[in-house]
1. Can you give the charge dipole size of the chain about its Cα centre, rounded to the nearest 20 debye, using +1 on the beta carbon of Lys and Arg and -1 on the beta carbon of Asp and Glu?
2. Do you know the relative contact order of the chain, to the nearest whole percent, from alpha carbon pairs under 8 angstrom that are 6+ apart?
3. Applying 1/(1 + (r/R0)^6) with R0 = 60 Å to the Cβ-Cβ distance of Val288 and Val230, what FRET efficiency is obtained, to the nearest 0.05?
4. So, for the range 49-172, what is the accessible surface per residue at a probe of 1.4 Å, expressed in square angstrom?
5. What are the residues whose amide H is under 5 Å from the amide H of Tyr129, where those residues sit 5 or more places off or on another chain and H is modelled from the backbone?
6. Kirkwood hydrodynamic radius for the range 1-131: how many Å is it when counted over pairs of different Cα atoms?
7. Just how far, in whole angstrom, is the range 430-480 from the range 67-81 if you go by their alpha carbon centroids?
8. State the Kirkwood hydrodynamic radius of the range 66-135 in Å, one decimal place, computed from all pairs of distinct Cα atoms.
Amino acid sequence: MEIDSPRRIRNVLLLGTAFLFLARLAFSAIRTGPVVLADEAGYLINARELAGGLAGQLELAPFYRGGYSLLIVPLINLSSDQTVVYHLVLALNAALAASVFPLLYLLLTRFVGVPPAGAVWAALAGSVYPAVTVLSQASLSENALFPLVCVWLVAIGGLFANAERRPAAEIWAIGLGLSTTALLAVHGRMIVAVVLAGLVLLVGLRRNLRLGTCLLAVAVIVAGVIAVQVLNDHLLSQSYGAIAEAEAGDRVDEIDEGHGPLTAAANLVGQTWYLLVATFGLAAVVVVDAIRRLRRRADLSTPAGLIGPSAPEWAAIGLAAALLLVSAAAFPERSRPDMLIYGRYVEVISPVLIALGLVALARLGTIRLRPAYPLGFAALAIAVALIAASADDPGDPSRWNISALPFFSASLGPATLLAASLVAAVAAWLLNRVSGRGLARLGLLAAGLFAVVAVYGVWNPVVRAERGAYPGDWESPEAIVETEGATTVAYDLDHYDTIGLYGTQWFMPDSRLVLFHGDRQAPPSPFVLSGAAWARAHPGLDSEPLWRDAGRDEVLWRIGGP
């Protein structure tokens, strides 16, 4: 199974990347438009505005940063059909997701010291992580974060590997600065990458990095943060009413009040559990292996491969820990049961942890687990199940946020969580049994296990969400709105529907939505988006239906006749 020929390794990389791209592109063939709302519409409408199109009506939505939207901008004007544009965005997502494979391979071979013959399989397993596939089917910022995290870690590795070479060190410093600010531009939670980059530079100064090199990286980060703020201010002024929801401040206040601290602590337990379960324990292997190698660092008889973790490995562990803290604090009041084990904020680092964990398993061979390890995992699983049993979280779970959970998730009761723990434990046992047979077999087994989980993830939520939002007889309002010349459409907030406000808005690229309350305000436009009962409730307006959403009670009315 091992392949030593550079040509064969290159072929595996090329063919694997092409297959991953085409598979995810094929999945997107069933898609029609945004379903994760308001998130998807926020990024799409940001891109439309940046491409010179009409600003959106996003005043009631959270603020969505513009980094991912910048990648979408070149696609916006390639077609006047918004469904086609959406498919182009999904094709971009497939390319971004496929790039994780070669990026992981580069990270492992160049900066973690893994031989190419084994690194290619560990990288493949990491790139098959279910969330990478599932989230590629929606216009969400994670599609940019998965490869950007790899680029960021590569930049850290390159900076330390070339610390004493000029101008290579300066080039890598610029790369670190650019990748750090790119992460921040894509999502606000990646402020942790800015902090960690500062810590990396401080550590580098104590080793062999030049002060000038570090200052150059800092200067690029500062300039990048300023540019990100300019971009954010522009988007805020155009589509968000010049203000952003004080999400971070509001959540800090919520943590200080009532049960906020206890809820955040419970979230930390639950989301740590999810990271371990979703990676089949490989995230824990990375940490345990790093601690073991650190302890043996001073032992001159220790093999070179076991001497201290590399800078990218430490940065990956630090990023995972920081994102867990941010994610746990993000939900001081849970409105859905999936928030207890919310994974989307953290699992952008999961492909890296999987690849590193497989390398650690192969290096260590079959691990004789101390009783404390399985007992500790069992205790954590039981604790999460008990928290779920005692919690009163209204609403239905969203599979989009826990797409790598290795079990069915129609509900998230204690039985589901314990069953997922059992599945993960069996998968971890299988990986441990195969670990002594080489990284190739280990990586292929892991890739197969993750692919099985991804199959359910493609069905739920992707297929289910698509069918729910866009049934077979659904038609876009684009043609009708264009024919009618409806440059302004009034949206009835008394008939608020998330897809109605945000999803329908995407399909009306030349119409500006104006919010009003239909029960007590006159429509500010002769075109109104409301429900089927609008005409009966307003008999004196002579309303005529122009378009009906086949998936929900959403009707576009023309007032006053043709």
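The values are calculated or read from the model by the stated rules, or taken from the named source; none is laboratory data. This structure is a prediction, so every number in the text was calculated from the model and none was measured. Every residue, glycine among them, receives a Cβ derived from its backbone with ideal geometry; neighbour counts consider all protein chains shown. Accessible surface areas use protein heavy atoms only, side chains included; no ligands, DNA or RNA. Shrake-Rupley method; radii C 1.70, N 1.55, O 1.52, S 1.80 Å.
1. Details: 38 positive and 43 negative charges, 731 e Å.
With only Lys, Arg, Asp and Glu charged at Cβ, the dipole is about 3500 debye.
2. 18
3. After rounding to 0.05, the efficiency reads 0.85.
4. On the way: 3670 Å² over 124 residues.
Solvent-accessible surface per residue comes out at 30 Å².
5. Amide H neighbours of Tyr129, under 5 Å, 5+ apart: none.
6. Hydrodynamic radius (Kirkwood, Cα only) of the range 1-131 equals 16.7 Å.
7. The range 67-81 and the range 430-480 have Cα centres spaced 26 Å from each other.
8. On the way: mean 1/r = 0.0725 Å⁻¹.
One decimal place: 13.8 Å for the Kirkwood radius.
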